[in-house]
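Following: one structure in structure tokens, then a few remarks.
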Amino acid sequence: MPLRDVSWEEFSGLSLDGKARALNSKGRLFHVLYAQQFGRKELDDLGALATQIRFLAKSDDGARFLLGLLPHRRAMLYFTQPSTRTFLSFCAACEVLGMSLGEVRDTSTSSEFKGESQEDSVRTFSSYFDLIVMRSKIGGLAERMAWTLSNSERPVPIINAGSGRDQHPTQALLDIYTLQRSFERRGGIDGKRIVFVGDLARGRTVRSLSCLLANYRGVRMVFVAPDQLQIGRDILEQLEARGVSYELSADFAAAIPDADAIYMTRIQDEWDKEQGESARIDTSSYCFTEADLARLGKEAVLMHPMPRRNEMAAGVDRDPRAVYWRQMRNGMWIRSALIAVQFGIAEVIRNRASETGVKVP
Amino acid sequence: MPLRDVSWEEFSGLSLDGKARALNSKGRLFHVLYAQQFGRKELDDLGALATQIRFLAKSDDGARFLLGLLPHRRAMLYFTQPSTRTFLSFCAACEVLGMSLGEVRDTSTSSEFKGESQEDSVRTFSSYFDLIVMRSKIGGLAERMAWTLSNSERPVPIINAGSGRDQHPTQALLDIYTLQRSFERRGGIDGKRIVFVGDLARGRTVRSLSCLLANYRGVRMVFVAPDQLQIGRDILEQLEARGVSYELSADFAAAIPDADAIYMTRIQDEWDKEQGESARIDTSSYCFTEADLARLGKEAVLMHPMPRRNEMAAGVDRDPRAVYWRQMRNGMWIRSALIAVQFGIAEVIRNRASETGVKVP
Amino acid sequence: MPLRDVSWEEFSGLSLDGKARALNSKGRLFHVLYAQQFGRKELDDLGALATQIRFLAKSDDGARFLLGLLPHRRAMLYFTQPSTRTFLSFCAACEVLGMSLGEVRDTSTSSEFKGESQEDSVRTFSSYFDLIVMRSKIGGLAERMAWTLSNSERPVPIINAGSGRDQHPTQALLDIYTLQRSFERRGGIDGKRIVFVGDLARGRTVRSLSCLLANYRGVRMVFVAPDQLQIGRDILEQLEARGVSYELSADFAAAIPDADAIYMTRIQDEWDKEQGESARIDTSSYCFTEADLARLGKEAVLMHPMPRRNEMAAGVDRDPRAVYWRQMRNGMWIRSALIAVQFGIAEVIRNRASETGVKVP
């Protein structure tokens, strides 16, 4: 555990890239806190592993093989910021590998935690569990807890399942995996044109995903939003620093025909600073409707992190280019793959998959 | 999936019998929504299977065999109408077969679901689970979701665990199973006299059960209640249409001696339209007390769907004719049997049971 | 089940020792309600078994062996008094042995339980589960339920996980196990000096633990607290009756150097009769700080039932004499051992442990 060698002051003072390097310094994935921990190789390997797990799970035999891998390991899902979707996805991801689950979803229901420090609560979980998946409104909490555990007698890995407004690395991983699968027969993600639409200022998924996409060659990102909801300067600067080309636009209709992937997002009005702030912005032209299907490329895909409102018409669901339901299920597979890597069982899975003839591109 | 071939407008416009036929049209039980889906043969088979599961579970070996059947399947218990009893019974029923469980019990706790359509929520569940057991105050919700899933890329079966005021098919199944067991050595349910007592106007269990009893020959149903709580005309018309004989009465004491089974129910005052409506009705003579035991037939049985209040005296519990605790446990077995049929493992269970000498009447 | 032979009136009229004898009268641990049920032999055996389970769980093979013991048994955790820590510990303890879990944590969320008697609720649980672990604010509830179940058709064992203000037997067991481990190479608990510090008047852990310590030879207990929070006369009378020597003190600093174990407790202000009652007591000298480490014996240990506030400085955690995190994890092992005894699988575990070379002192 690299975190063991640095003080909290040192670690928390590092840049995001520095922190990512510190976490990966021993060459083994332990805590998963930032999208920045994943380079091209990690993404390729993880996607391949997710596909192997997915294929194994299709047969009774394969599913039982997977169940037999981690039955003696327990995961704590510590979700103080509510999220049924991400919660269920992690539950399924753990159960695919046979893990047992515990959950704490609202600390207010527990009188015991009153007056206890967050560090003590998380060390309590680490006493009974082998993995802690945590989601919190508090930015940086996951990293503080990771440091705490790495410096305790019983370090267990932490996965950040959404922390504050910035980081949601496993969402970005499932998005990458969906793009990998979508472009499997078209040369992969390299060189593709990805169009992001909607509330790009406040959604953490687009922020994390655009950072991971910078690992691919020749990707072109198009950010389509009304001015008030356009993507932050900080992200654009990161892309510029890595030499990634991008476009900003307010014209969604014009962006549809050339897109390889369109990534729709909903207006995140729960972050409004004053009541009705979002409602005053005209977002009516940032919706994808059945009529737009005619102008969408034949091999393009439509993505959405869900939940959706009216920005993605339900009538589009039956079109084979709408992959957002598959995208959701991909979250389960990529999270299983991630956990498999953390627990050092990726090799066993790869061997079994190759024995049973699962082919990975 | 038969539902795939009809539009929602067509399906929802059918009569209850028409819907039941549509659901069973491929000869295989998939979604379980209505008591009307079960004819005599289905009830006999299901009861026999429940008994086989029950006997297998008695031995360590048999219990482990059952656990090995569906460890790679996950059930979502989606209970937005609270019910600990039915919930726990389904948990146990799934776990007997080795399934993993997830639950969503109150959508209000999940911020993610805000603004999301019910269809999207249920499709989300279907992304991570292989069976959805749902209970809701909204009549018809289960059938709309069943249609939605059958028309999606990932159809998974739905079991209705109580929907609106009318349908609670698995409660009716467990009641039938309890009657089957109770009359096992007396020629079965055919020709028996079943006395229903209490709030027959508002309890959905009696409505569903009386419909299933119409599958048996020569059954006589006696509905005993004060006028205001007497069984609905719609049920009586259904019985008449199927040639089932029945009696209405307000005199419980007179009905006891000839009963083969007495089915007590509590006053459902949670459905009162105005405060104290039920309290103004004199229900004191619709209670079964220890004194009544002397007038009850030697081989008769006392049933109750639970929970009870004062209409069934606790002092009666030790009498062997009081079968309501066994009735509760029967709910677990019959639900396991139902799930086994849905997942196509009934045959495997039957074979194992016959190998190990389990005899079913 | 001994409880079957006595009426509730008879049983509830017995002294605590009388009740403990009645519960153990058949020589087999079934319901676990009081610390008084455990004598020296039971404590030695249970500690040895916990150690065997702990060592087996360290290896993949051993962990899988344990998981295979009770996969066909289900435990209900019925916690109407909130406690995340004890709850998670029992979850883990059950899962180590492969059991499935169900939980009811707040009866207010269930409309079905409205108007139902506690007896009926618990009998409902016993219909679907094989073990009931219950925690309640109501003193004596666990024993009433144990009697009820022992007198039903389906008796299942109850474990008291905290009942009212007095009894929390499994906490006392984990404390004893921590002392056993701590003094393993120093001749065991006999003859040791145990210093209790803090709110001794209101914490149930010290009450239960001091009672169990009376089973050991030559143990000296020192109760250190401000007058208002000093241990109750009833406990002291019990110790006197058993010939156990003790001291009362208000001077913590003086008690540190000679202690073999220091058991810190927090001020239980949730039991204050009037607001601010505890805050008016000066408890500043009943805290253990990093500075105190220098005066602590080299082989002494620091214990705390957790959660802690300022009475145990977090800076002490890294000192090897601070065993309170291990103490927490011991709770899991000793509870697994207890359940193993209840289900009659202790012998199987002992055999496996001795085959694989686990040595128990």
Test: residue B:153 is within 14 Å of chain A (Cβ to nearest Cβ), free of Cβ contacts under 8 Å to residues at least 12 places away in the same chain and closer than 26 Å to residue B:73 by Cβ: yes
Selection within segment C:7-22 - surrounded by 18 or more Cβ atoms within 10 Å (Cβ to Cβ) and touching a residue at least 60 places away in the same chain (Cβ under 8 Å): C:11, C:19
Given the criteria touching a residue at least 40 places away in the same chain (Cβ under 8 Å) and not small (Gly, Ala, Ser), does residue B:66 qualify? yes
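Let's see how each residue does on (1) farther than 19 Å from residue A:168 by Cβ; (2) surrounded by 22 or more Cβ atoms within 10 Å (Cβ to Cβ); (3) at the interface with chain B (Cβ under 10 Å from one of its Cβ atoms):
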residue: A:305; (1), (2), (3): no, yes, no
residue: A:309; (1), (2), (3): yes, no, yes
residue: A:314; (1), (2), (3): yes, no, yes
residue: A:317; (1), (2), (3): yes, no, yes
residue: A:330; (1), (2), (3): no, yes, yes
residue: A:341; (1), (2), (3): no, no, no
residue: A:346; (1), (2), (3): yes, no, no
residue: A:351; (1), (2), (3): yes, no, no
Does residue A:337 satisfy being buried (at least 16 other Cβ atoms within 10 Å of the Cβ), among the small types (Gly, Ala, Ser) and away from chain B (no Cβ under 13 Å)? yes
Flagged in segment B:9-37 as under 21 Å from residue B:333 (Cβ atoms) and not in a loop (DSSP other than H, G, I, E, B), in numbering order, are B:32, B:35, B:37
Given (1) under 15 Å from residue A:169 (Cα atoms); (2) buried (at least 23 other Cβ atoms within 10 Å of the Cβ); (3) more than 16 Å from the chain's Cα centre (by Cα), residue A:30 misses just (2)
So how many residues does segment C:269-328 have that are of a type outside the set (A, V, I, L, M, F, W, C) and in contact with a strand residue (DSSP E or B) (Cβ under 6 Å, 6 or more places away or on another chain)? 6
Candidates B:100, B:136 - the one that is more than 14 Å from chain A (Cβ to nearest Cβ) and either within 30 Å of residue B:325 (Cα to Cα) or crowded, with 22+ Cβ neighbours inside 10 Å (or both): B:136
Do we find a residue being assigned to a helix (DSSP H, G or I) and touching a residue at least 60 places away in the same chain (Cβ under 8 Å) anywhere in segment C:296-319? no
Helices (runs of 4 or more DSSP H) wholly inside segment C:161-274 that include at least 2 residues being free of Cβ contacts under 8 Å to residues at least 60 places away in the same chain and crowded, with 24+ Cβ neighbours inside 10 Å: C:204-213
Among residues belonging to segment B:279-301 that are more than 14 Å from chain C (Cβ to nearest Cβ) and aliphatic (A, V, I, L, M), point out the one that is surrounded by the fewest Cβ atoms within 10 Å (Cβ to Cβ). B:294
Of the criteria (1) at pLDDT below 95; (2) of a type outside the set (S, T, N, Q); (3) not assigned by TED's automatic domain parsing to the domain that holds residue B:204, which one residue B:348 fails: (1)
Take the residues in segment C:37-61 that are of a type outside the set (A, V, I, L, M, F, W, C) and surrounded by 22 or more Cβ atoms within 10 Å (Cβ to Cβ); name whichever of them is nearest to the other protein chains (Cβ to nearest Cβ). C:54
What single numbered condition from (1) more than 22 Å from residue C:307 (Cα to Cα); (2) modelled with pLDDT under 95; (3) of a type in the set (D, E, K, R) fails to hold for residue C:165? (1)
Among (1) closer than 30 Å to residue C:314 by Cα; (2) of a type outside the set (A, V, I, L, M); (3) part of a helix (DSSP H, G or I), there is one condition residue A:155 misses while meeting the rest; what is its number? (3)
Hits in segment A:319-328 (condition: among the charged types (D, E, K, R) and at the interface with chain B (Cβ under 9 Å from one of its Cβ atoms)): A:326
With respect to residue B:267, determine if the residue is modelled with pLDDT of 95 or more, among the β-branched types (Val, Ile, Thr), under 23 Å from residue B:287 (Cβ atoms) and assigned by TED's automatic domain parsing to the domain that holds residue B:289. no
Determine whether segment B:342-359 contains at least one residue that is more than 16 Å from the chain's Cα centre (by Cα), outside any loop (DSSP other than H, G, I, E, B) and closer than 15 Å to residue B:265 by Cα. no
Pick out the one residue from C:64, C:105, C:73 that is in contact with a Pro (Cβ under 8 Å, 6 or more places away or on another chain) and either more than 7 Å from every other protein chain (Cβ to nearest Cβ) or over 20 Å from residue C:349 (Cα atoms) (or both). C:105
Expected output for segment B:81-94 (first residue facing chain C (nearest Cβ under 7 Å), partner surrounded by fewer than 24 Cβ atoms within 10 Å (Cβ to Cβ) and in a loop (DSSP other than H, G, I, E, B), Cβ below 6 Å, 6+ apart or cross-chain) is B:82/C:110; B:84/C:110
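The values are calculated or read from the model by the stated rules, or taken from the named source; none is laboratory data. The shown structure was predicted, so the numbers you read here are calculated from the model rather than taken from an experiment. Every residue, glycine among them, receives a Cβ derived from its backbone with ideal geometry; neighbour counts consider all protein chains shown.
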